[in-house]
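In what follows, a single structure is set out as structure tokens and then discussed.
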Amino acid sequence: MPTAEEWAVVAFTLRVAALGTALMLPVGVGVAALLARSRGPGRTALETVFSLPLVLPPTAVGLVLLEVFSRRSGLGGGLARVGIEIAFDWKGVVLATAVMSFPLLVRSALAAFEDVDPRLVALARTLGCGPVDAFLRVTLPLAWRGVLAGTVLAFARALGEFGATIMLAGNIPGRTQTLALAIFHDAQLGRDDRARILAGLTAALAFGALWTAEAVGRRHARRQAT
């Protein structure tokens, strides 16, 4: 059975994954909405940039984040002077998980927004809705299942984040250690039994999140087919 220490790691992982997902949710939805409306030549370049965390080594993404938010950088040093530490702090874990899971939300939300009939949005505009009102009253209610599926996928990705997290926040037990980092740490120390328990807990959490995303996605597909 998991010990109190192991449950504490689980709770910390769930908290930072949920917080990272919540912080990037409005940004991801906004980016997806702008991309769905864009038809210019720069759209492909923007989509590629936002998708880079999916294909880059997570350690490379973490290195970039560390360079930006370390105390030696202008931004990181400025934040440190006002008492906000990012590197090697729990806030760095949140940032790393948000950045690495961001593309999953954007791609899912973008597909959902593009499935919305533009004639419905145009009709709302002719009835006096502004762009924001039309998005909130027409586009988002019609695309919410796709947005939700992307959010759950992003949360599942955040649960298992490793490379960017260890580069930006380190592996500090009780402070920045998530499930993925704890599994690595225990395996390195030869504590295979504990590593297997944590791996099982991670698999259970990921299965639940992915099952939810698949269920929502299937409902969205059936709705689109009818």
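The values are calculated or read from the model by the stated rules, or taken from the named source; none is laboratory data. For clarity, every value in this text was computed on a predicted model and none was experimentally measured. Glycine gets a Cβ as well: all are built from the backbone with ideal geometry, and neighbour counts include every protein chain shown. All accessible areas refer to the heavy atoms of the entire protein, side chains included, with ligands and DNA or RNA removed. Shrake-Rupley method; radii C 1.70, N 1.55, O 1.52, S 1.80 Å.
The angle separating the long axis of helix 43-55 from the principal Cα axis of greatest extent in the chain is about 20 degrees. Among Val55, Val121, Val27, the order of accessible area from largest down is Val55, Val27, Val121, computed with a 1.4 Å probe on protein heavy atoms.
Rounded to the nearest 500, the 222 nm mean residue ellipticity of the chain from helices alone is -25500 deg cm²/dmol, with -39,500 (n - 2.57) taken per DSSP H run of at least 4 residues.
Seen from every direction in turn and averaged, the convex hull around the alpha carbons of the range 40-180 projects onto 10.9 nm². Taking the C-alpha atoms only, the angle from helix 140-159 to the longest principal axis of the chain is near 10 degrees.
For the range 1-124, the solvent-accessible area of protein heavy atoms averages 53 Å² per residue (probe radius 1.4 Å; ligands and nucleic acids excluded). Using a Förster radius of 22 Å, what is the FRET efficiency between Glu5 and Leu52 based on their Cβ-Cβ separation? Nearest 0.05, please. So, using R0 = 22 Å, E works out to roughly 0.05.
Using Cα atoms only, what is the angle between the long axis of helix 58-69 and the major principal axis of the chain, expressed in degrees (0 to 90) to the nearest 10? Value to nearest ten degrees: 90.
Tell me whether the range 1-88 comes out rounded, prolate or oblate; compute the Cα gyration tensor, take square roots of the eigenvalues as a ≥ b ≥ c, and use a/c under 1.5 as the rounded threshold. Walk me through the numbers before you get to the answer.
On the way: a/c = 2.13, a/b = 1.42, b/c = 1.51.
Oblate shape, in that a/c is at least 1.5 and b/c is the bigger or equal ratio.
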